[in-house]
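The next block holds one structure in the form of structure tokens; read it before the comments.
Please treat every number below as a calculation from the coordinates, not as lab data. Bear in mind the structure is a predicted one, so any value in this text is a computation, not a measurement. So basically every Cβ, Gly included, is an ideal-geometry build from the backbone, and we count neighbours across all protein chains shown.
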Amino acid sequence: MPNRSQRLALLAVLSSSLGIGIMFGFQPPLLALLLARQGASASTVGIVTAGGTLAVLLLGPVYPGMIRRIGLRASVLGGIACAIAILIIMPFAPSATSWFVLRLVSGAALGLTWIASEIWLNALSSSASRTTVMGVYGAVFAGGVALGPLLLDVTGTTGIAPFIAGAGVLLISGLPLLLHRAAPGLSAGDEPARALRAYLHTSPIIMLAAMTAGLTESIVIALLPLLGLDQGLDESASLRLLVLFLAGNVLLQIPIAIVADRHGRWRTLTLCAMVSTVGPWLLLPAIPHPVLLSVLMFVWGGTLYAFYSLGIALVGAYYTDNDLVGANTVFVMTYCFGGMLGPVLAGAALDRFRGAGLVAVLSAGGAMLLLGSVLRYRRHAQRV
């Protein structure tokens, strides 16, 4: 049972994680819609939105060293402060090139906060409470991502208002951490840059789950509103479609976790990959049927986010102590690698083949994980 100070620290870190999640769901569709309004191609939108994840991927090997030098609290608050500044600058430099550069800087800052928060939560958790704490973290983060498009629907996409609103949300999310000054120290351990190949070798399917999660989630968040517009939906309806998808991310994680506890994480991951392979092909036929479309987006959204939550649970099952820090960092890097590729590949597919191209890329992501999970399960018929 954590003491009062630890509980306050958990709440403060979870608050900042909520703000980061909101930015992940808010900024990509905002930039996508604004760039589309300027006449930018879907490929350009994909490249710009991929800038944030590219930054995390490039800096992933050095994040743990940076965090050890400046501390967990300074890492989280410094990343939030930098991201706030970038949001305020963005409306005054409204071009694809400048936004790509700003997305790189913002992504680097949010990546530092993201990884430091996960390390902090792991440091605060005992072996008995880690699964619960990380489950709450996953729900909070997914809830933030789901709130992002809803916030955008409220602020609209014109003028400076959405950027100021986003900066305000980040500021509020960081306030509890400003009031909580205690932070755990970090022990020395191997840097992920030295351990990267080893983690990929020992847990290839876990890292494949991370990459698939990043690939598919980044496509949906950045380009689903454009697909809605392409299929005749208005801007508000396209954003609400994304909200439904992200609501499944939040609300289905606990039921999926219960299934995983009873039937095994690998079996559950395989089932989620099956749903996410078939689900995209049902999207276009379901658009004229609002009820069917809502159910599809909700269920599909939950199974997609389970790639990340089940993957993190598997990381915790396989690695402990210093290895957990390195494996968690590599997991996030692999997730961001998928997030970098996703919008670029799907943007090109959407430009060339319209809705069918986007659907094919999304389904291929689920199929890739399904194949890997089935092969692994056949080789190692055991529950984790």
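Can you give the alpha-carbon Rg of region 245-363 over 2.2 N^0.38 Å, where N counts its residues?
1.18
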| query | In Å, what is the Rg of the alpha-carbon atoms in region 254-308, and how long is Dmax? | reply | 12.2, 37
| Measuring from the lowest to the highest alpha carbon on each principal axis, how far does region 216-270 reach, largest first, in angstroms? | 42, 17, 15
| If you bin every alpha carbon distance in the chain into 10 Å steps from zero, what whole percent lands in each bin? | 5, 26, 36, 25, 8, 1
| query | Pick from LEU14, LEU284, LEU102: which is most flexible by mean-square fluctuation in a GNM of the chain where alpha carbon atoms under 10 Å apart are linked? | reply | LEU284
| request: Quickly work out the VAL278-to-VAL291 label distance, labels modelled 7 Å from Cα along the C-beta direction, and quote it in nm with one decimal. | output: 2.1
| request: Would you be so kind as to identify which of THR216, PRO64, GLN27 lies farthest towards the positive end of the dipole of the chain, taking Lys and Arg as +1 and Asp and Glu as -1 on Cβ and the Cα centre as origin? | output: PRO64
| message | List the residue ranges in the chain for DSSP H helices whose C-alpha atoms run 20 angstrom or more along the long axis and whose Kyte-Doolittle average is -1.0 or above. | response | 4-37, 42-59, 72-89, 96-124, 130-155, 161-179, 204-230, 235-251, 265-286, 290-318, 321-379
| field | Neighbour-count ranking [beta-carbon atoms within 10 angstrom, fewest first] of LEU215, LEU35 | value | LEU35, LEU215
| task | Please state the charge dipole magnitude for region 4-379, taken about the Cα centre, from unit charges on C-beta atoms (+1 on K and R, -1 on D and E), reported in debye and rounded to the nearest 20. | result | 680
| Taking the chain as a Gaussian network, Cα atoms linked when under 10 Å apart, which of LEU310, LEU151, LEU87 shows the biggest mean-square fluctuation? | LEU151
| said: Give me the Å³ per residue figure for the convex hull around the C-alpha atoms of region 1-147. | reply: 110
